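Below: the structure, in structure tokens.
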Amino acid sequence: MRMQPVWISRRDSTASQVLLRPLLRVLNWLRIALCVHALVVNALRWHEVAHRGLLVAALIWMVTWTALAALAYSRSATRRQAFLVADLVVAVALMALSAPILGTTVFANDYLALPAYWAICAPLVVAMAYGVVPGAITGAVVGGILVVVTPSLEPALWSWLVVFALLGAGIGVLVDLLLSSMGERDRAFAETASLAERERLNRIVHDGVLQVLALVEREGPGMGPRGVRLAALAREQESRLRVLLLDRSLDQPAADQVDITAVLDRHESSTVTISAMAERVMVSSREALEIDAVVTEILANVAKHAGPAARAWVLLEHEGRELIISLRDNGIGAKAEDITKAGERGHIGVRESVLGRIRDLGGQAVVRAAPGRGVDWELRIPVQ
């Protein structure tokens with residue numbers, strides 16, 4: 001069976017490799033620097049070492065393995081579990097042989113292991129490959145082997161376990177954060193590309209399909225009963241297509257938050273024009289539902305009472321902490337007092353769906369109307 005790469009889950013993507021490759025190069029240079037440090041440390045205590053021949057053999061082994069690791073981790077094909085396990089075994093072995101080779105007296109002076117800090121490199125690779133917990137565990141194993149082979153309550157000895165475990169966990173956290181940031185960046189790029197593609201398709205569809213549907217809707221009534229039906233179908237399909245083209249993402253960046261501009265965009269049709277600012281205006285989902293219901297009721301009244309050729313316009317503005325929604329139509333109009341009295345007489349649509357909802361939101365609703373000049377609503381709603 002072919003061995004699977006070390007970089008699992010999100011770490012095996014091309015984007016992740018862009019991050020991990022330079023980190024591994026930095027780790028290789030760190031390994032070389034720590035190898036040189038270990039050679040200097042052991043040279044300074046050469047005359048106190050119990051078994052100098054074994055020390056030379058161990059140092060040659062460490063230098064050789066440093067070169068092999070630098071070569072292996074620079075090639076993705078050789079970053080395999082088997083080599084990573086071997087890397088850990090070498091680190092643990094050199095740590096475990098510290099006391100026997102150096103001698104109990106020399107080792108007990110400061111508990112500085114034979115490979116010194118070189119052994120931390122293997123747990124760091126594990127942290128990069130698998131994350132926080134495996135990095136902390138392998139760090140504790142490599143550092144804790146000194147406690148196992150030379151049991152003692154000396155803080156200098158136990159510090160190896162603590163420091164190596166924390167370093168492994170820390171590198172795991174750092175790599176996880178960097179990978180998450182890259183994921184967010186890639187998603188942002190993908191969203192930008194998607195919006196650009198949507199705009200391109202909007203232009204194509206607007207110049208073609210929507211114009212044809214609008215032509216059928218306009219000319220259909222002159223073709224008799226079947227033409228009227230065809231015009232109605234064209235109007236319905238044009239409305240649906242505009243909703244798809246103008247659909248904005250309703251992603252909620254915070255809990256219970258909705259973009260009200262996206263909600264209003266869904267009312268766009270062949271007889272309704274929506275105008276809103278480009279940026280998002282976030283409101284609570286409850287407020288969004290209430291505002292949507294008010295707009296739906298007013299547009300329904302336009303369809304019922306303004307006349308068959310009436311059109312409606314909806315304008316959304318955001319001033320400070322106040323949301324202003326203006327709705328007007330070019331229908332047959334009415335007297336403003338008639339609309340107000342309709343609410344007083346118990347007209348459910350005006351009294352409850354419009355005035356009642358706006359009042360519950362803490363806002364104000366003003367209506368202006370005149371016969372032959374349509375109806376103009378202004379809704380002012382406080383928002384956070």
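Coordinate-derived values only; no laboratory data. All values derive from a computational prediction rather than experimental measurement. Because the Cβ atoms are built from the backbone with ideal geometry, glycine has one as well, and the counts that use them run over all protein chains shown.
How would E317, E337, E287 line up from fewest to most surrounding beta-carbon atoms within 10 angstrom?
Ascending Cβ contact count within 10 Å gives the list E337, E317, E287.
From largest to smallest, what semi-axes in whole angstrom does region 30-153 give when each is the square root of 5 times an eigenvalue of its alpha carbon gyration tensor?
Computed over region 30-153, the values are 25, 17, 11 Å.
Normalising by the residue count of region 9-186, find the relative contact order in percent from Cα pairs under 8 Å and 6+ residues apart.
This gives 23 percent for region 9-186.
What's the exposure ranking of R229, R321, going from fewest to most Cβ atoms within 10 Å?
Ordered by Cβ neighbours within 10 Å, fewest first: R321, R229.
Going by how many other beta carbons lie within 10 Å of each one, how would you line up I32, I298, fewest first?
The fewest-first ordering by Cβ neighbours comes to I32, I298.
Could you sort 94-107, 133-146 so that the peptide with the highest average Cβ count within 10 Å comes first and the rest follow in order?
The peptides rank, most packed first, as 133-146, 94-107.
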